[in-house]
Structure formats: structure tokens, C-alpha cells
Amino acid sequence: MEADATRAAFDVDAYAAAAYAQGKSLEDLQTELSGQLQRVRRSLYSLINERYEDFLGLSTSLTGIDTTIEDIRQPLAGIKQGIEHVHEELQSKLEYMDSRLAYRTQLREKKLLLRVFIDLSQLLDRVAMVLEE
């Protein structure tokens with residue numbers, strides 16, 4: 001039984017249970033896993049060495065990017081200030097509209113109350129006329 005610890009789905013418990021079922025001793029299991037560890041390490045070193053040139057290429061291609069970022073930073077700061085100013089203006093207008101809406105709501109409620117009072121007054125006038133008859 002060959003261990004494949006390089007697989008993403010390597011299950012240590014299942015591997016140990018299979019080795020036990022085959023009657024392997026702990027020493028044999030240790031020897032086999034040590035060999036697999038060496039293969040994994042070699043594979044990792046090989047992968048790092050293969051990708052190292054890509055990493056160096058990336059770092060050299062990023063040379064000068066800091067000046068480009070600084071060139072963009074100033075206009076972006078101006079845009080940010082403009083957006084913040086517009087946001088403050090809109091917030092101010094929103095608060096004004098909220099206060100106006102609250103005022104209109106109060107007027108609507110007072111108007112409704114006034115209509116109730118007028119209706120009540122008319123009703124009282126009718127009752128008074130009925131009582132006078």
C-alpha cells in the first residue's frame with residue numbers, strides 16, 4: 001500500500017486503518033510515511049523552484065508601480081473630496097426634505113382635525129335648530 005499524501009483528500013485515519021488491516025507493523029508504517037514525507041518535500045521544493053522565476057518576474061514587473069500609484073493618488077483624492085462634498089450637500093437636502101415632510105404631515109393632521117371641528121359645529125347647529133322647533 002503506497003501513501004499518497006499529496007492528494008488534497010488524503011485521510012490519515014483511513015490510511016492507518018488500511019495499514020492495520022493489512023497487518024503492517026508500526027515500524028513499517030513509519031518507514032513508509034517517512035519515505036512519503038521525503039517525496040512530498042522534494043515535490044514542494046521542486047514547485048517552489050519552478051515558481052521562483054515567476055515570482056522574480058512579477059517583482060521586476062512591479063518596479064515603478066509605486067510612482068504610478070502616486071500619480072493616481074492625487075486625482076483620486078480630489079474625486080474623493082468632491083464626492084464627500086456632494087454627500088454632505090445631499091445629506092443637508094435630505095434633512096431639509098424630512099423636516100418639510102414632517103411639517104406637511106402636521107398640517108395634514110391639523111386640517112383633518114379642523115374638518116372634524118367644522119363637521120361637529122355644523123352638527124351642533126342642526127341640533128340647535130331641531131331643539132328650537
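If you count only protein heavy atoms and use a 1.4 Å probe, how large is the accessible surface of L124, to the nearest 10 Å²?
So the heavy atoms of L124 present about 100 Å² to solvent.
Explain nothing, just the number: dipole magnitude of region 28-69 about its Cα centre with +1 on each Lys and Arg Cβ and -1 on each Asp and Glu Cβ, in debye rounded to the nearest 20. The partial results should precede the final answer.
Values: 4 positive and 6 negative charges, 19 e Å.
It works out to roughly 100 debye.
What angle do you read, to the nearest 10 degrees and between 0 and 90, between the alpha-carbon axis of helix 26-61 and the longest principal axis of the chain?
Orientation of helix 26-61: about 60 degrees from the principal axis.
Report the extension gain between Q74 and A102 in nm, rounded to one decimal, defined as 0.36 nm multiplied by the number of residues separating them, less their alpha carbon distance. Could you put the intermediate results ahead of the total?
Working: separation 28, 0.36 × 28 = 10.08 nm, distance 4.20 nm.
Taking 0.36 nm per residue and subtracting the Cα distance, the gain is 5.9 nm.
Go through Q30, L94, T105 and say which Cα lies farthest out towards the positive end of the charge dipole of the chain; charges sit on Cβ, +1 for Lys and Arg, -1 for Asp and Glu.
Towards the positive end, the residue furthest out is T105.
Which whole-number value in Å² is the accessible area per residue of the chain, probe 1.4 Å? Provide the component values of the computation, followed by the final result.
Numbers: 12000 Å² over 133 residues.
Result: 90 Å² of accessible area for each residue.
Keeping the other protein chains in place, figure out the carbon and sulfur percent of the accessible area of the chain, with a 1.4 Å probe. If you can, show how the numbers build up before the last one.
Working: 7270 of 12000 Å².
About 61 percent, which is the carbon plus sulfur part of the accessible surface.
Got a sec? Charge dipole of region 58-119, +1 on Cβ for Lys and Arg, -1 for Asp and Glu; which of H85, I72, V116 is way out at the positive end?
Of the candidates, V116 comes out farthest on the positive side.
Compute the long axis of helix 12-21 from its Cα atoms, compare it with the longest principal axis of the Cα atoms of the chain, and write down the angle in degrees, 0 to 90, nearest 10.
40
Just to be sure I understand, if you calculate Cα extents along the principal axes in Å for this structure, which of (i) 121, 57, 14; (ii) 40, 37, 20; (iii) 35, 31, 23 do you get?
Structure-derived value, by its label: (i).
Based only on Cα atoms, what mean projected area does the convex hull of region 86-133 have, in nm²? Before the final figure, lay out the partial values.
Working: hull surface 10.9 nm².
With the hull built on Cα positions only, its mean projection is 2.7 nm².
What dipole magnitude, in Debye to the nearest 20, does the chain give about its Cα centre under +1 on Lys/Arg Cβ and -1 on Asp/Glu Cβ?
Working: 16 positive and 23 negative charges, 99 e Å.
Result for the chain is approximately 480 debye, rounded to the nearest 20.
The values are calculated or read from the model by the stated rules, or taken from the named source; none is laboratory data. Predicted, not measured: the structure shown is a model, and the values here were computed from it. For neighbour counting, all protein chains shown are included, and Cβ atoms are generated from backbone atoms with ideal geometry for every residue, glycine included. For the accessible areas, the whole protein counts, side chains as well, though only heavy atoms, and no ligand, DNA or RNA atoms are used. Shrake-Rupley method; radii C 1.70, N 1.55, O 1.52, S 1.80 Å.
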